[in-house]
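These notes are about the structure you will find just below.
Every read-out reported here was derived from the displayed coordinates using simple, explicitly stated rules and does not represent laboratory data. Bear in mind the structure is a predicted one, so any value in this text is a computation, not a measurement. Every residue, glycine as well, gets a Cβ built from its backbone with ideal geometry; the counts of neighbours run over all protein chains shown.
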Amino acid sequence: MSSKLSTFICQNCGSETSQYFGRCLNCNSWNSIVEEIKSKRSRYQEIKNNKKSKPFNEISSKKISRFTSGFREFDRVLGGGIVPGSVVLLGGEPGIGKSTIVLQSAGKISLNEKVLYITAEESLEQVKIRWERLNQNSIDLKIFAETNLSLIIEEIKSVNPSFAIIDSIQAIHNHEMQSSPGSVSQVRECSSELQNLAKDNNIALLIIGHVTKDGALAGPKTLEHLVDTVINFEGDNISSHRLLRSIKNRFGSTFEIGIFEMLEEGLREIKNPSSIFTNKENISGVTTTITNEGTRPLAVDIQALVNKTFYSNPRRTTTGISINRLHQILAVIEKHVGIKLSEFDCYIATGGGFEINDPSSDLGVAISILSSLKNIPPLASSSYIGELGLSGQVRKSNNLRTKIEEAVRLGIKNIIVPKLEEELNINFQNLINIKEISNIKEAVNYSFSK
Ligand code: TYD
Ligand code: MG
């Protein structure tokens with residue numbers, strides 16, 4: 001039975017209302033609400049009789065078997081590989097390289113598994129041209145160019161692959177719905193049907209969704225709670241580096257990152273990522289910190305430029321760290337180091353624009369600001385780790401041991417860290433000089449005394 005329902009959906013945030021408003025009540029955006037007719041009947045819905053609740057001791061816990069995506073960096077972000085029957089959402093800006101990574105990966109997987117690549121945006125010929133450019137040689141990868149959901153479902157059922165890719169969710173549509181492809185209700189409806197199909201047939205499904213920085217195409221955002229894993233593909237048009245970052249993962253840890261480089265012949269994994277975000281030069285205004293992204297330690301440079309201001313409100317801008325953190329760090333320096341910064345503009349940029357979420361980068365930011373202000377390079381071959389508390393104390397950092405190990409691996413001579421709780425020192429004797437500090441003042445004295 002099919003019943004038509006009319007609903008009003010904000011194309012910006014996906015919230016639903018039963019009547020039209022000029023402005024969304026949820027996200028306050030203007031003119032974003034569109035009437036969409038949705039069909040309540042789901043084409044792919046089988047009622048299973050064998051689904052009953054069970055006590056824990058009757059549930060067998062078999063180890064998750066995974067297959068590789070063909071890229072070590074991609075596998076890391078997925079939590080160790082692709083889980084059969086799982087649904088992964090790969091989001092990113094148009095043109096960032098989603099189709100490229102997926103096609104390379106599909107080529108490698110298809111050497112061992114049955115793979116179906118559904119392209120709704122490009123023709124078979126276009127995919128073939130890309131395929132040749134990427135120098136792939138698998139002969140078993142199946143490609144299907146279609147935008148109609150029913151035909152896509154039929155094809156997936158008939159091929160029955162281990163891994164299926166939808167490129168992209170915004171380009172496919174369900175004919176029974178009146179709304180246009182890419183609208184929130186189409187995106188939701190199509191993905192939930194595909195997800196049911198994938199779960200019931202144990203097919204790993206990767207859904208590509210275009211997401212813009214300002215969230216203008218929010219359709220895929222509304223899917224995040226439905227899927228098992230959400231991965232963002234990030235980067236900018238200037239540098240060739242690309243980052244895969246897991247935002248949500250039911251089968252692994254989040255904020256895990258994989259780093260690639262976009263070349264003429266496709267994406268290549270970067271084996272030693274710390275090397276691309278650091279410069280190892282000892283110049284004023286630059287420090288190195290070691291941050292933790294997911295389970296991996298990563299060295300990143302922090303650059304500061306502090307200049308006398310010409311404005312009544314000094315300018316503060318950041319690339320790679322949040323502007324609020326910068327304001328907080330500046331306030332801590334003013335209060336606890338006693339330096340007046342209100343007459344200075346302050347610009348902060350991380351190496352390669354790498355986005356740092358780990359608060360233990362604070363100390364590195366503070367020292368680079370002071371180094372730029374004084375025009376004195378910080379201690380040579382050093383790395384700074386520690387979160388700055390509001391009262392000027394240096395707070396302890398997560399995974400300090402792995403961070404110190406990374407510094408040793410990179411040949412850094414000095415590391416400035418918060419007071420250690422355990423005797424970490426003993427393990428690193430002769431490998432690196434560890435300086436424990438408890439507040440910003442101490443760090444400043446130590447960094448600029450030599
Ligand atoms: P694409 O994968 O089509 O992006 P998306 O699917 O996310 O929209 O990537 C497009 C960009 O990547 C395009 O600007 C060209 C570039 N590119 C390369 O630099 N090298 C390559 O081998 C390929 C296939 C693309
Ligand atoms: Mg594409």
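Things to note:
- For LEU206, the residues whose modelled amide H falls within less than 5 Å of its own, excluding neighbours fewer than 5 places apart on the same chain, are VAL88, ALA164, ILE165, ILE166.
- Over 22 Å [Cα-Cα, segment 65-269], rounded percent: 43
- Free-standing Cys residues across the chain, given no other cysteine C-beta under 4.7 angstrom: CYS190, CYS346
- Net charge dipole, segment 97-171: roughly 240 debye, given to the nearest 20, about the Cα centre with Cβ charges of +1 for Lys and Arg and -1 for Asp and Glu.
- For segment 208-324, a simple Cβ point-charge model (Lys and Arg +1, Asp and Glu -1, everything else neutral) yields a dipole of about 420 debye relative to the Cα centre.
- Approximate spin-label separation ASN201-ASN430, in nm, with each point projected 7 Å along Cα-to-Cβ: 6.2
- For segment 379-413 versus segment 122-198, the gap between their alpha-carbon centres in whole angstrom: 46
- Filtered trypsin sites (Lys or Arg not before Pro), segment 127-228: DSSP coil and at most 15 other beta carbons within 10 Å: LYS213
- Spin-label pair SER6/GLU125, simplified geometry with 7 Å Cα→Cβ offset, distance in nm: 4.4
- Of all aspartates and glutamates in the structure, the ones whose alpha carbon falls short of 17 Å from that of LYS128, not counting any fewer than 8 places away in one chain, are ASP140, GLU146, ASP167, GLU264, GLU265.
- DSSP beta bridges in the chain [antiparallel fraction, %, rounded to 5]: 55
- Positive-end extreme of charge dipole, segment 275-447 - chosen from ILE369, GLY389, PHE354 (charges on Cβ): ILE369
- Rg in Å to one decimal, and Dmax rounded to a whole Å, for segment 275-447 via C-alpha atoms: 15.0, 51
- Structure remark: mean-square fluctuation, Gaussian network model of the chain, C-alpha springs under 10 Å; the largest value among GLU189, GLU269, GLU125 belongs to GLU125.
- Loop-resident sites, segment 260-328, for chymotrypsin sites (Phe, Trp or Tyr not before Pro), counting at most 12 other Cβ within 10 Å (DSSP): PHE310, TYR311
- In plain terms, the chain from SER391 to GLN178 could stretch by 70.8 nm, reckoned as 0.36 nm per residue minus the Cα-Cα distance.
- Theoretical ellipticity at 222 nm over the chain - DSSP helices of four or more residues, -39500 (n - 2.57) apiece, nearest 500: -7000 deg cm²/dmol
- Highest-MSF residue in the chain out of GLU113, GLU176, GLU58 [GNM, Cα springs under 10 Å]: GLU58
- The GluC sites (Glu not before Pro) found in segment 343-430 that occupy coil by DSSP, while having at most 10 further C-beta atoms within 10 Å, are GLU343, GLU421, GLU422, GLU423.
- Only the Cβ atoms of Lys and Arg (+1) and of Asp and Glu (-1) were treated as charged; on that basis the dipole of segment 275-447 about its Cα centre amounts to roughly 320 debye.
- Taking 0.36 nm per residue of sequence separation and removing the Cα-Cα distance, the SER65/ILE323 pair yields an extension gain of 88.7 nm.
- Most mobile of VAL83, VAL306, VAL365 in a GNM of the chain (Cα contacts under 10 Å): VAL306
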